[in-house]
Amino acid sequence: MGEIISSVTRVTDIMVEIASASDEQSKGIGQVGQVVTEMDRVTQQNSALVEESAAAEAALEQQVIGLNQAVAVFQLPATGGRSRIASATVDTTTRPVLLPTASADSKKKAGAVASDNWETF
């Protein structure tokens, strides 16, 4: 009789271990499913971003073509391969920069707010 009880106890323990392992596997499969769903979402998002980038690239290419056509109108005179650069005069005198200063009243208010914040801390 003791041998039967011992065998039943062992079988019960094995069944509990199997149930626990099955539960862990089920949770693991659920997590894998969530990860696959997230990867799908990110892949779709990346695909949309690639489409937007391709559209922006096409628009930029059209703008480049337009700018090239606009610039092609200008012709430089043939001066032996050198172009003359006009010199511009730049005012290099320095002027003092005036920074706004806080009035005594605004400093007093700022100090009061800071002390109120400190008390609530």
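If you go through the stretch 35-43 one residue at a time, do you hit one that is among the hydroxyl-bearing types (Ser, Thr, Tyr) and more than 23 Å from the chain's Cα centre (by Cα)?
no
Any idea which of (1) part of a loop (DSSP other than H, G, I, E, B); (2) modelled with pLDDT of 60 or more is the one Ala48 doesn't satisfy?
(1)
The values are calculated or read from the model by the stated rules, or taken from the named source; none is laboratory data. Fair warning: this is a prediction, and the values are worked out from it, not measured in the lab.
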